[in-house]
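So the structure is just underneath, and the comments pick up after that.
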Amino acid sequence: MNIHEYQAKALLEKFGVPVPKGAPAKTPEEFVTALAALPEGPTMVKSQIHAGGRGKGTFTDGFKGGVKFCKTKADAKEIAGKMLGNTLVTLQTGPAGRKVQTVYFTVASDIKKEYYLAILLDRATSRPVIVASTEGGVEIEKVAHETPEKIFKVHIDPAYGLADYQIRQLIFGLRLNPAEAKNAAKLIRALWNLYWDTDASMVEINPLITTPDDQVLALDAKVSFDDNALYRHPTITELRDLNEEDSKEIEASKFGLSYIALDGNIACLVNGAGLAMSTMDIIKHFGGNPANFLDVGGGASKEQVVAAFKIILGDPNVKGIFVNIFGGIMDCNVIATGIVEAVKEVGLKLPLVVRLEGNNVVAGKKTLADSGLSLVSGDSMADAAQKIVKLVAA
Amino acid sequence: MAILVTPQSKILVQGITGEFGARHTKLSLDYGTQVVAGVTPGKGGQFFEHAGHKVPIFNTVADAARETGATVSAIFVPPPFAGDAILESVGAGLDLAVAITEGIPVKDMVRVKRAMQGAKTRLVGPNCPGVVTPGTGEGSRGGCRIGIAPGYIHKKGRVGVVSRSGTLTYEAVYQLTVKGIGQSTCVGIGGDPVNGTSHLDVIKLFNDDPETVGIIMIGEIGGSAEVEAARWIKANCKKPVAGFIAGATAPAGRRMGHAGAVIGGAEDTAAAKIAVFQECGIEVAVTPSDMADALIRTAQRSGVALS
């Protein structure tokens, strides 16, 4: 689960990570109260969406920049009015962009130097890793590729936690002066506590800055959480913003379906994540374009199949459907019955290819054949994929 | 010989009285697997009964292992308690713990993996379909089935299968069986970012197993485990290996069902992994329908009889 920058900053403050003073606003009326909480002077206005690249983004009405520096609070209020309710397109949002429903005002900090700091899981060692760099405010992947010597990493032993010597390794690597080092040590410890105590998947501070008076601040913050651990963090779960999520994905999750929208026109309905991914791949392999990833899970019920059909048909781009089920334990005939009922219930008009394999498959195929529906049967994944690609192209 | 488990292996089931655990324990008993004990705290002394089988239930794994000689655990415990369940099987000194549970918090697995360092117990999973060593009976009955895989699609034989994904494993196994090619052992290592046994661990076991003559390795986007295994294969494995990577069309940054199936950097895309497979002499299945055929191609080239 992702959260907004203003929510992340509040969480950072709670754990003792210094951030520039700021206040969010969801309506023009709230601009006044939010700005009243900040001192007079240079102010940043930041669009709150769950996507990066905001500063370089463009709004759909042509207004440029989702993050703006303003010399006065009055200017900030005016700029905020242009952002709120407007749709921001960045490199990460896709062409549709995201509607800005919250703006965040912060004091504009004096920056001496920008750094990078993040904590995430290192899969290779199965341990958390803290990554720091003297190159902040830029893409860390680029730094890692071009100047790997400017990146410092420490792996955390989960049995002991973050050791002080590891903090020193990072601080000396960043070549901070003594006053900065003292502040950075406290900050890194606090950030680690946040990561570990909240079951975060990643905390990324880019940039982390030093100021002329040797303060160390998190100027931006990206925090995401492990969905599987949300059950033990009710206050964090409350930070979820459904406006930032695809409505079809939310609907799917209510039925225990895992759905991700893509930009093609062949919808897929599959059991199992690996098979669902490779069903998308095989459609592409034979020249088609998948419209979605959809995993109905191991025990697909009739209700789930009906819900799945409704969700994939909610995508106007869909021109055909490929159902690919390997019924290992499940009875294929139960699945076939579910498909037939679902097709009748939603009044499907589009081409449908079904590939059914596994337990009681003969009865399942007979149910499909006897249904009177104009669906096409596929023998293997390859056969079925070629059939649906051909039908959609026709 | 098979790897990890044989038809004689004695299995206990943690979470045997839960709906999920009970359903699959019945299927394993039907398959002929030696399920000798169940563990549900507070239900010690009761029995799990199915089709003439009467499996004793114990309060703790240590009790179950001591009383029945079970050396392997199948874990069906719900996610909030599954990490603890894994550690209980480690504490009881079992040889193997197979964690089927999906949705265990990453932090729990990070801690469990650290706590398991140096322990004799091997962990397979979590979030995996389990392990099957097929038997010689009808529909491969008489084998050892731990987890949730359909037993009947297997056939006893000489090909090892290792995969992160459940249904994709079944797909590969089924393709082999239909072509008359049996399997030594099929291992689902699970789709989570932090798991016990890796692709490479299983490949090493297959390489050392005289009964296994060919290997299918199925991977997906995310992480670098398949790449690590492929490089080891190039340097050390003399047996023919076919590979498949799911997720070539997956968009970056989106988690594709499995918690671990997410593209983070340039190295964990399907294209990058497939390139490494090819460079390491692994015959790449062009589509998921091609997995068994890919193994047949490479086996023929090296003059290995798969069945």
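Each value in this text was obtained by applying a stated rule to the coordinates, not by laboratory testing. Quick caveat: nothing in here was measured; it's all calculated off a predicted structure. Counting neighbours? That spans all protein chains shown, and the Cβs are built from the backbone with ideal geometry, glycine included.
Quick one: of A:LYS9/A:LYS153; A:LYS302/B:LYS107; A:LYS112/B:LYS107, which pairs are farther than 30 Å apart, Cα to Cα? The pairs that break the limit, which is 30 Å between Cα atoms, are A:LYS302/B:LYS107; A:LYS112/B:LYS107.
Rounded to the nearest 20 debye, what is the charge dipole size of chain A about its Cα centre when +1 sits on each Lys and Arg Cβ and -1 on each Asp and Glu Cβ? Each step should come with its number before you reach the end.
Details: 43 positive and 46 negative charges, 103 e Å.
Dipole about the Cα centre, nearest 20: 500 debye.
Which net charge results for the neighbourhood of B:THR298, defined as the other residues with beta-carbon distances under 11 angstrom from its beta-carbon, given Lys and Arg at +1 and Asp and Glu at -1?
Working: positive: B:LYS239, B:ARG297, B:ARG301; negative: B:GLU283, B:ASP293.
Local net charge: +1.
Residue by residue along A:371-380, Cβ atoms of other protein chains within 10 Å of the local Cβ number 1 on average.
Placing +1 at every Lys and Arg Cβ and -1 at every Asp and Glu Cβ, with all other atoms neutral, what dipole size does region A:21-107 have around its Cα centre, in debye to the nearest 20?
Details: 13 positive and 6 negative charges, 55 e Å.
That gives region A:21-107 a dipole magnitude of about 260 debye.
Straight Cα distances below 16 angstrom link A:LYS365 to the aspartates and glutamates A:ASP331, A:GLU341, A:GLU357, A:ASP379, A:ASP383, with same-chain residues fewer than 8 positions distant left out.
Contact order normalised by length for region B:155-301, with contacts defined as Cα pairs under 8 Å and 6 or more residues apart; what percent is it? It would help to have the intermediate numbers written out before the result.
Values: 285 pairs, mean separation 36.6, N = 147.
Relative contact order of region B:155-301: 25 percent.
Farthest towards the positive end of the charge dipole of chain A, among the residues A:GLY314, A:CYS332, A:VAL361, is the Cα of A:GLY314, using unit charges on the Cβ of Lys, Arg, Asp and Glu. Using Cα-Cα distances under 8 Å and only pairs 6 or more residues apart, what relative contact order does chain A have, in percent? Here the relative contact order equals 12 percent. Placing a label point 7 Å from the Cα of B:ASN236 along the Cα-to-Cβ direction, the residues of region A:121-157 whose backbone N falls under 19 Å of that point are A:124-126. Partner shielding of B:109-118 amounts to 3, given as the average count of beta-carbon atoms from other chains within 10 Å of each residue beta-carbon. Please work out the FRET efficiency for the pair A:ASP157 and A:LEU313, using the Cβ-Cβ distance as r and a Förster radius of 60 Å; give the result to the nearest 0.05. Calculated transfer efficiency: 0.75.
When the square roots of the Cα gyration tensor eigenvalues are ordered a ≥ b ≥ c, the ratio a/c for the protein assembly as shown is 1.5 or more and a/b exceeds b/c, which makes its shape prolate.
May I ask you to compute the full-extension gain from A:ALA179 to A:VAL362, defined as 0.36 nm times their residue separation minus their alpha-carbon distance, rounded to one decimal in nm?
Numbers: separation 183, 0.36 × 183 = 65.88 nm, distance 7.53 nm.
In short, 58.4 nm is gained.
Please report the spacing between the Cα centers of region B:237-257 and region A:248-279 in Å, no decimals. If we compute the Cα centre of each part, the gap is 18 Å.
Any idea what the dipole of chain B comes to, in debye rounded to 20, about its Cα centre with Lys/Arg Cβ at +1 and Asp/Glu Cβ at -1? Numbers along the way, then the final one.
On the way: 29 positive and 26 negative charges, 61 e Å.
About 300 debye.
Checking the a/c ratio against 1.5 first, then a/b against b/c, what shape does the Cα gyration tensor give for region A:113-237? Spell out each step's value before the answer.
Values: a/c = 1.56, a/b = 1.45, b/c = 1.07.
Here region A:113-237 falls in the prolate category.
In plain terms, the chain from A:ASP61 to A:ASP110 could stretch by 14.5 nm, reckoned as 0.36 nm per residue minus the Cα-Cα distance.
Could you work out the relative contact order of chain B? I mean the mean sequence separation of Cα pairs under 8 Å and 6+ apart, divided by the number of residues, in percent. Mind showing how you got there, number by number?
On the way: 760 pairs, mean separation 42.6, N = 307.
Worked out over chain B, it gives 14 percent.
Count Lys and Arg as plus one, Asp and Glu as minus one, and take only other residues whose Cβ is under 14 Å from that of B:ALA70; the net charge is then -2.
Around A:ALA221, under 12 Å between beta carbons, what's the net of Lys plus Arg minus Asp minus Glu among the other residues?
Details: positive: A:LYS9, A:LYS46, A:LYS222; negative: A:GLU5, A:GLU13, A:GLU204, A:ASP220.
Around A:ALA221, the surrounding residues sum to -1.
Taking 22 Å as the limit for the C-alpha separation, the pairs B:LYS10/B:LYS43; B:LYS120/B:LYS234; A:LYS26/A:LYS46 exceed it in the case of B:LYS120/B:LYS234.
Neighbour counts of C-beta atoms inside 10 Å place A:LEU230, B:LEU295 in the sequence A:LEU230, B:LEU295, starting with the fewest.
Do any of A:LYS56/A:LYS99; A:LYS99/A:LYS248; A:LYS68/A:LYS182 go past 21 Å between their Cα atoms, and which? If you can, show how the numbers build up before the last one.
Values: A:LYS56/A:LYS99 16 Å; A:LYS99/A:LYS248 17 Å; A:LYS68/A:LYS182 31 Å.
Over 21 Å Cα-Cα: A:LYS68/A:LYS182.
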